Every structure is written in C-alpha cells, then in structure tokens.
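What follows is one structure encoded as structure tokens, with my remarks underneath.
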Amino acid sequence: MIVKNLFYGEVEQFSFYDNSQEIKKIEQQVKAKGHTFTSIIMPKLAKKSYDYLDVKNLTFRQGLEQDEYPSVFGRILSWLNNFQGQIKPLKDLFGIEKFLSE
C-alpha cells in the first residue's frame, strides 16, 4: 500500500515515484506473489486546521469534538470522510472490520 500524502505536494508532484522503474519492478514482484499493489491519496488538510490540531496536540477525533472553531470541525470532517472513502474499499488490507461511522 502506497499513500501519496498531499501535504507534501499535489498529485502531479509524485512523478518521480510514478515514473520510477524500480517501483514498477517492485509492483510486478508483489503482484506475482498474488498480493495487491495499490495506492491511495491522503488529502491535504487546510494548513490552519492542521496547525490548530498540532498546537493543541489534538487527534483528528478530538478536533471533531472541539467547539472553539467550527471551521476546523468542518474541514476535519471533510478530510476524514474523503480519506475514509479511499480506505473503505481496501479495509481488508488494513484488517479493519468496520468504521466508526458504520
């Protein structure tokens, strides 16, 4: 499982990885053994929301529970829903039986 974290740049900025012959070789080896080789995109969380979590030393869940900044709540909720949407089809790879929202 490869996670492209958009905190480090837009999808197009992963071209070094995407075009790597070494990665293509690893992908072939993994698939030859009958395993799944896939990637997902971790969305970028708005900087102010991320900074708020960082300064307050909060988890994403705690960020949803705070009521100091409604915009932080909204951005985190959107981020979690987006990321969960990408993980959900692959939950067996992670050993996830069900999500809290199910």
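Here is how the numbers come out for the structure above:
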| item | result |
| --- | --- |
| Where a residue in segment 36-51 is closer than 14 Å to Val72 by Cα and without any contact (Cβ under 8 Å) to a residue 24 or more places away in the chain and its partner, wherever it lies, is part of a loop (DSSP other than H, G, I, E, B) and of a type in the set (Val, Ile, Thr), with Cβ under 6 Å and at least six apart | none |
| Residue identified as of a type in the set (D, E, K, R) and assigned to a loop (DSSP other than H, G, I, E, B) among Lys31, Lys25, Lys44 | Lys44 |
| Tally of residues being under 17 Å from Val3 (Cα atoms) and either touching a helix residue (DSSP H, G or I) at 6+ places or on another chain (Cβ under 7 Å) or in a helix (DSSP H, G or I) (or both) across segment 52-99 | 16 |
| Residues of segment 44-102 satisfying the condition of being of a type in the set (Val, Ile, Thr), at pLDDT below 90 and surrounded by 15 or more Cβ atoms within 10 Å (Cβ to Cβ) | Ile87 |
| Count of residues meeting criterion [in a helix (DSSP H, G or I) and farther than 22 Å from Lys44 by Cβ] in segment 1-22 | 2 |
| Pair list, Cβ < 7 Å and 6+ apart or interchain, from segment 78-95 residues that are under 11 Å from Pro43 (Cα atoms) to residues that are in a helix (DSSP H, G or I) | Leu80/Phe60 |
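The values are calculated or read from the model by the stated rules, or taken from the named source; none is laboratory data. Computed from a predicted model, the values in this text were never measured in an experiment. Counting neighbours? That spans all protein chains shown, and the Cβs are built from the backbone with ideal geometry, glycine included.
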